[in-house]
Every structure is written in structure tokens, then in C-alpha cells.
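Please read the structure below before turning to the comments.
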Amino acid sequence: ETGVTQTPRHLVMGMTNKKSLKCEQHLGHNAMYWYKQSAKKPLELMFVYSLEERVENNSVPSRFSPECPNSSHLFLHLHTLQPEDSALYLCASSQDGKVGVNIQYFGAGTRLSVL
Amino acid sequence: AQKVTQAQTEISVVEKEDVTLDCVYETRDTTYYLFWYKQPPSGELVFLIRRNSFDEQNEISGRYSWNFQKSTSSFNFTITASQVVDSAVYFCALSEAGYNFNKFYFGSGTKLNVKP
């Protein structure tokens, strides 16, 4: 148990659906991250929030929409996804989002399948 | 160019064998941090170790040890007397102090299979 909880653990959706992924951290951290992990590819950073402010949007398509209502919660809203968006989506948090020394703690991920 | 290279895609060993996972990194920063994570089948990345660029002392934690060599830009990870529970994907990562946020560069990972 790392203190980062992601729900749901598995999600199957059609290309016309709208769904949301949720991440909650219980570590008192100020920064949260979304990563995408596809088969045989390095982890791809999608978004970074530091003190609820988005500090990085790594050229992610607009069909992915993040939301960070407070420093403990992070959402990823999904709409009109493509089959190539099927992947494991990982959430992470760290004490500070602006210092390279900080350890990132990860959740168990949401396994997304787009049909 | 990749900042972190894990050339070994997959390694298979028999229980009790020692195994070394290689990690080579690239950076122009003088201050940087190196990390190893373990990803078991359950999915979450589990933090194993963090090293800063000014500390080249090797570290040992139980069956795990890490060899940091700035001269070769490598940060290798050795598991001694491997066990089946060590089966997982292991990721090496680099974080540079000069960036404007806490950005990790991950390697592609090495899948370790430990057979009984």
C-alpha cells in the first residue's frame, strides 16, 4: 500500500463513451501526475499538477482532460477515445512538483480497454 | 535520444541465482537523481532506491545492491540469491534538478523472470 489509490482498476469503454479515472493520495503531497503505460513502450508522462496548478501537459490529445480539485485528488476525464488509447494509466504523487529529488509514489493503475 | 537505457528487455534466471539489471543514463546536469522501481503483476510501481549524483557509494539493502558509476553513467541493480517473488518489471529513472518540475525519464524496463 503506497498511499495512492486509483479507481476503477479495470475499465472497458466504447469509443463514444465518457468515463473518468480517479486518483486519491493519502500522503499529504503537493504534486500529482498521470502516466500512460502501453505495451513495450516507456512510461509516458501525460500531466503534472503542483498545488492544483497544471504545470505540464505533454502534448496529450484533448480527448483526455485532467482535473485536480485539490491536492489529494486527481481525475482524468475520457471521451471519444480510440483503440490505441488502451493502456495502463498510472497516477503518482510526490511531496513537491518542482524539485527533481522527490520520490514519486504510484498507484496500482487503471487498465483501460477501448473497444 | 533516450535519457535512460535499459538494454535488457527480459531476463530469466533460476531461483537462487544472482542477477544484475543494467541501467545507463544520459544527462548534462551536474545535479541529478537516479531511481529504481519494481512493477509486479499487480501494476503499481514500487519505489526501491534513490541516488543523487554526488553520492557514488554503493548501497546494499538485504539481497538488493546498487552500483553507481558516474564514469560510465551507469546505475546497475543486483539481486543476490533471487527468489520467485522478485519476478517483476524493473524500471530505472532519471530526474534532473534543472528542470522546471519533477520530471522523471524512465527506461523501457527489464522484465525479470525467476523460475523455481
Hey, residue A:2 hits all of (1) within 14 Å of chain B (Cβ to nearest Cβ); (2) free of Cβ contacts under 8 Å to residues at least 40 places away in the same chain; (3) open to solvent by less than 50 Å² (accessible area, probe 1.4 Å) but one; which does it fall short on? (2)
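Restricting attention to segment B:67-103, and to residues there that are open to solvent by less than 20 Å² (accessible area, probe 1.4 Å) and over 16 Å from residue B:5 (Cα atoms), which single residue is modelled with the lowest pLDDT?
Applying the first criterion (open to solvent by less than 20 Å² (accessible area, probe 1.4 Å)) to segment B:67-103 yields B:68, B:74-75, B:77, B:79, B:82, B:86, B:88, B:90-96, B:101-102.
Next, from what is left, pick out any that are over 16 Å from residue B:5 (Cα atoms): B:79, B:82, B:86, B:88, B:101-102.
Values: B:79: 97, B:82: 97, B:86: 97, B:88: 97, B:101: 71, B:102: 75.
Result: B:101.
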On the given criteria, is residue B:29 within 14 Å of chain A (Cβ to nearest Cβ), among the acidic types (Asp, Glu) and surrounded by fewer than 17 Cβ atoms within 10 Å (Cβ to Cβ)? yes
Just to be sure I understand the filter: pairs with C-beta atoms under 8 Å, separated by 6 or more residues or on different chains, first member in segment A:41-70 and under 17 Å from residue A:94 (Cα atoms) and open to solvent by 20 Å² or more (accessible area, probe 1.4 Å), second member basic (Lys, Arg) and not in a strand (DSSP E or B). Which pairs pass? A:55/A:98; A:56/B:103
Say whether the condition of being within 11 Å of another protein chain (Cβ to nearest Cβ) and at pLDDT below 95 is met by at least one residue in segment A:13-27. no
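If only one of B:110, B:78, B:72 is more than 25 Å from residue A:31 (Cβ to Cβ) and touching a Ser or Thr at 6+ places or on another chain (Cβ under 6 Å), which one is it?
Numbers: B:110 fails: touching a Ser or Thr at 6+ places or on another chain (Cβ under 6 Å); B:72 fails: touching a Ser or Thr at 6+ places or on another chain (Cβ under 6 Å).
One residue alone meets the criteria, B:78.
The values are calculated or read from the model by the stated rules, or taken from the named source; none is laboratory data. Not measured: the values here are computed from a predicted model. Quick reminder, even Gly has a Cβ in these numbers, built from the backbone with ideal geometry, and neighbours come from all protein chains shown. Note: areas computed on protein heavy atoms with side chains; ligands, DNA, RNA excluded. Shrake-Rupley method; radii C 1.70, N 1.55, O 1.52, S 1.80 Å.
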